[in-house]
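Report on the structure given below.
The values are calculated or read from the model by the stated rules, or taken from the named source; none is laboratory data. Because the structure is predicted, anything quoted here is derived from the model rather than measured. Positions of Cβ are generated from backbone atoms using ideal geometry, with glycine treated the same way; all protein chains shown enter the neighbour counts. Ligands, DNA and RNA are excluded from the accessible area calculation, which covers all protein heavy atoms including side chains. Shrake-Rupley method; radii C 1.70, N 1.55, O 1.52, S 1.80 Å.
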Amino acid sequence: MKLTSLTPDEQHKAFANSKKTEVLHRQNLPVSYHVEDHDVQDRPRRFLEAFAAILKHSNYRVALEHYVRVSAKCSRCTTHCQVYLATSDPRDVPCNRSELLLSVYRRHFTVSGLLRGRLTADAGLTDEHIKRMAEAFYTCTACRRCHFECPLGVDHALITHLARYILSEIGISPRALVVSVREQLIGASGNTSAIPVPALLDNLEFLSEDMKEEKGVPIPFPIDQEGAEFLFLPAVSDFLMEADTLMGNAAVFAATGDRWTVGTGYFDGINYGLFYNDQVLEKVLLKIKAEAERLKVKKILIGECGHASRSAKFFYPTFCGGKAALPVINILEYTWQRWKEGRIKLDPNIVTDKVTYHDPCNISRPGWIVEQPREVLKAFCQNYVEMTPNRRDNICCGGGGGTVSIDEIRPYRTIVAGRAKAEQIRATGAKYVVAPCANCKKQLRELVEDNNLNCEIVGLHDLIYKAIIFDKQG
Amino acid sequence: MQAWIDFGEGPLFRFSFVLMLLGLGRIFVLTLVNVAEAYRRSPDKILNYREIRHKTIAWLIPTSRLWRKRPVYSGISFLFHLGLILGPLFLTAHVNLWKLSVGFAWFTLPQGLANLLTLAAIIGALALFLMRVFYSPARALSRRQDYAWPLLLAIPFLTGYLMVNNTLTAGAYQAMMLVHLYTAAFIMLLIPFTKIAHCVLVPLSQLVTAVSWKFPAGTGARVLETLGLSERPTWVDKPRLDIAPVKLPDLIKVQSQKKEAKAS
Ligand code: SF4
């Protein structure tokens, strides 16, 4: 894919730093996202200590040891990173970005590196290097697309994940993420959007009434149903911003009659731990587990959200009981299954505009949810087109890896990281872009706005809600 | 000079060859041990073996994947690797030497094909070197060893090719042989300690990555304990619990405003 290169004006806008000079000075960290004040003394030493501690207790060492041995610097990954495609800056080549961390590992945690330290004047990790890492690992959207293109099998997103984890242990992580997580783990509301339970209940009731009016059948949001089959956890922001998606979710359940429930003890699928800190990842999943146990549900059902789905699907077994852990499924899988069984009927004459589908990285890259939503869409959208590339090889929306929540880097996301995506969408000429992920939706809407694209971003269930047919008797 | 050649053909070759095998064997086994240990540490035992196998094979026998991006570069790289691996292994002259010293041998390639493969290795090495020099992202990535390797690897192939295909004077032949033997030995000694170790490690890459994404439970807490930060993990460094919760009426207003906007 060829992209037009950045104009100097765009370049300036995308990388402008909105911080006050005294903040930059105090934090000694010229990154474009906001960071809370942290101890700036001795950062290299503390970074290495954190690195060592993490290596000791985790499994990352296997990967690092292997990657420093095999990495051949072949430059093949240049064709695959949407950031590099936009900037053409060698620093954005995935392999180069990973080398930032691999070089620290090689220098401080391998025999040859230690020898080099003894024999040469190499002073080791510097504060400058930390600054570079802090910037570089948040320009990567952790989309894992480059992993497919590495002949040596290096997974750069794993390196990004680890680097962010280490950085967070010395206090360097985007304030936007940290604040949300704080509210989620120790705040009064217990969720990232700080929605109190009464507000949630009120909102759901309001939506229910609305749906009854529109569809003519009762479509409830079951609350705290003990023994239900599914515990439903969407990205909590859906409760505020994505009413249509939620109504679609509820409508599907009203049609199938399966027992599901929203738990007032915990109702947030969002897990920023996947983006920057393994302890957060674990703690959030344990909250889900506690709620699932309280309500004695049989399955965890994640709403339309890529990272929430991936963090639950692939890490719930890790932290919540291995093989015995409850199965995790995504609402797209669920809807697809029930639709195949003929329990959901969709009217093919409602959505007549051109529709295209954006694969959220976190669910499509592992090959988990790729064809299911397509099959459903093709069944009731008369005018369905694909983007290219698509499916597992799809390009990231540009807001992956939590960057979408960092509002101050919006210009970076919509000018640089989302550049390839904007081109892709433009080329389809679609009216509706279906993006079944809360993060993708937010990013794509901003992308559409900033790039003057002429389309609407919706979730899969938004369209399903429009087209679903109910037997009035049932 | 003959004495040097005899040394190169005999003890030096045996020494570097055995060291290479031991070195490669060591890192191969170590990687497997690490993988097993990591797997044991994680409570999550679900590995998608089909996917791992598929990806591994796709890169070991790159039939389709390789050509989709940068086909020229990929083609050169592919032929280069082919020549590099098959050439020395199945060359008649090499196999005969084995037969003389250890008593067994395997099939050999016809001389014409062996020549082609050798040429592919030589030309490929030069082309890859030039690509590194002139393709700017590759230049940005390259370390000193990355430039040195293709050139170094080309030497034994070039000398070998000249010896087989040219009538050289005895002196020139001996000189060639000397260079051939000693660079080959040098390369074999370096392989286990440099990026060329990927020749045995690549089949494990996908497995390593998959297992590394399996985390042990409780890592975060143990890390904080080790760092002496159990009492103040980063996410409570600066508690700010006084964020005003979203108010009820606001929420409903947002919803109905949205409705109105849509209706109009
Ligand atoms: S994970 Fe995505 S954003 Fe990060 S380097 Fe790879 S392709 Fe680029």
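Observations on the model:
- Search result, residues across region A:140-154 that are basic (Lys, Arg) and open to solvent by less than 20 Å² (accessible area, probe 1.4 Å): A:ARG145
- Given (1) open to solvent by less than 40 Å² (accessible area, probe 1.4 Å); (2) within 16 Å of the ligand (Cβ to nearest atom); (3) assigned to a helix (DSSP H, G or I), number of the condition A:HIS129 does not satisfy: (2)
- Test set (1) away from every other protein chain (no Cβ under 14 Å); (2) open to solvent by 10 Å² or more (accessible area, probe 1.4 Å); (3) not in a helix (DSSP H, G or I) - A:TYR33 fails condition number: (2)
- Restricted to region A:339-453, the set of helices (runs of 4 or more DSSP H) holding at least 3 residues that are over 20 Å from A:LEU274 (Cα atoms) and not small (Gly, Ala, Ser) comprises A:371-380, A:419-428, A:438-450.
- Residue that is modelled with the highest pLDDT, among those in region B:31-69 that are more than 17 Å from A:PHE315 (Cα to Cα) and outside any helix (DSSP H, G or I): B:ILE61
- Test for A:ILE223: is it among the hydrophobic types (A, V, I, L, M, F, W, C) and away from the ligand (no atom under 14 Å from the Cβ): yes
- Cβ pairs under 6 Å, 6+ apart, first in region A:329-340 and in the same structural domain as A:ALA312 (by TED's automatic domain parsing), second of a type in the set (Phe, Trp, Tyr) and at pLDDT below 90: none
- Matching residues in region A:73-115 - criterion: being among the hydrophobic types (A, V, I, L, M, F, W, C) and either within 8 Å of chain B (Cβ to nearest Cβ) or away from the ligand (no atom under 15 Å from the Cβ) (or both): A:CYS74, A:VAL93, A:CYS95, A:VAL104, A:PHE109, A:VAL111, A:LEU114, A:LEU115
- Filter result (open to solvent by 40 Å² or more (accessible area, probe 1.4 Å) and within 23 Å of the chain's Cα centre (by Cα)) within region A:368-388: A:GLU371, A:GLU386, A:THR388
- Residue check for B:LEU119: part of a helix (DSSP H, G or I), touching a residue at least 40 places away in the same chain (Cβ under 8 Å) and either charged (D, E, K, R) or open to solvent by 40 Å² or more (accessible area, probe 1.4 Å) (or both): yes
Conditions tested, residue by residue: (1) at pLDDT below 85; (2) within 25 Å of A:ILE406 (Cβ to Cβ).
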site	(1), (2)
A:ALA157	no, yes
A:SER173	no, yes
A:SER180	no, yes
A:GLY187	yes, yes
A:ASN203	no, no
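- Each residue in region A:134-149 was checked for being more than 8 Å from the ligand (Cβ to nearest atom), away from chain B (no Cβ under 14 Å) and either among the aromatic types (Phe, Trp, Tyr) or over 21 Å from A:GLU36 (Cα atoms) (or both), and 2 of them qualify.
- Filter result (touching a Pro at 6+ places or on another chain (Cβ under 9 Å) and either within 14 Å of another protein chain (Cβ to nearest Cβ) or hydrophobic (A, V, I, L, M, F, W, C) (or both)) within region A:116-133: A:LEU125, A:ILE130
- On the stretch given as region A:278-319, residues that are free of Cβ contacts under 8 Å to residues at least 60 places away in the same chain and open to solvent by 10 Å² or more (accessible area, probe 1.4 Å) total 12.
Okay, residues lined up against (1) within 14 Å of another protein chain (Cβ to nearest Cβ); (2) among the small types (Gly, Ala, Ser):
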{"position": "A:ALA228", "(1), (2)": "no, yes"}
{"position": "A:LEU233", "(1), (2)": "no, no"}
{"position": "A:ASP238", "(1), (2)": "yes, no"}
{"position": "A:ALA251", "(1), (2)": "no, yes"}
{"position": "A:LEU286", "(1), (2)": "yes, no"}
{"position": "A:SER309", "(1), (2)": "no, yes"}
{"position": "A:TYR316", "(1), (2)": "yes, no"}
{"position": "A:LEU332", "(1), (2)": "no, no"}
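- On the stretch given as region A:356-367, residues that are at pLDDT below 90 and either away from the ligand (no atom under 16 Å from the Cβ) or open to solvent by 40 Å² or more (accessible area, probe 1.4 Å) (or both) total 1.
- Qualifying position, being closer than 24 Å to A:SER237 by Cα, under 24 Å from the mean Cα position of the chain (by Cα) and at pLDDT below 90, among A:PHE267, A:PHE315: A:PHE267
- Residue in region A:44-52 that is at the interface with chain B (Cβ under 7 Å from one of its Cβ atoms) and within 22 Å of B:VAL33 (Cα to Cα) present: no
- Some residue of region A:414-433 being within 19 Å of the chain's Cα centre (by Cα), at pLDDT 90 or above and more than 16 Å from the ligand (Cβ to nearest atom): yes
- Picking from residues in region A:155-208 that are open to solvent by less than 30 Å² (accessible area, probe 1.4 Å), of a type in the set (A, V, I, L, M) and within 7 Å of chain B (Cβ to nearest Cβ), the one that is farthest from the ligand (Cβ to nearest atom) is A:ALA199.
- Some residue of region A:66-73 being touching a residue at least 24 places away in the same chain (Cβ under 8 Å), open to solvent by 20 Å² or more (accessible area, probe 1.4 Å), small (Gly, Ala, Ser) and on the phi < 0 side of the Ramachandran plot: no
- Residues being β-branched (Val, Ile, Thr), open to solvent by less than 20 Å² (accessible area, probe 1.4 Å) and either assigned to a helix (DSSP H, G or I) or more than 30 Å from A:HIS147 (Cα to Cα) (or both) are entirely absent from region B:161-182.
- Answer from A:ASP471, A:ASP407, A:ASP450 - the residue that is at pLDDT below 90, under 26 Å from A:TYR165 (Cα atoms) and open to solvent by 40 Å² or more (accessible area, probe 1.4 Å): A:ASP407
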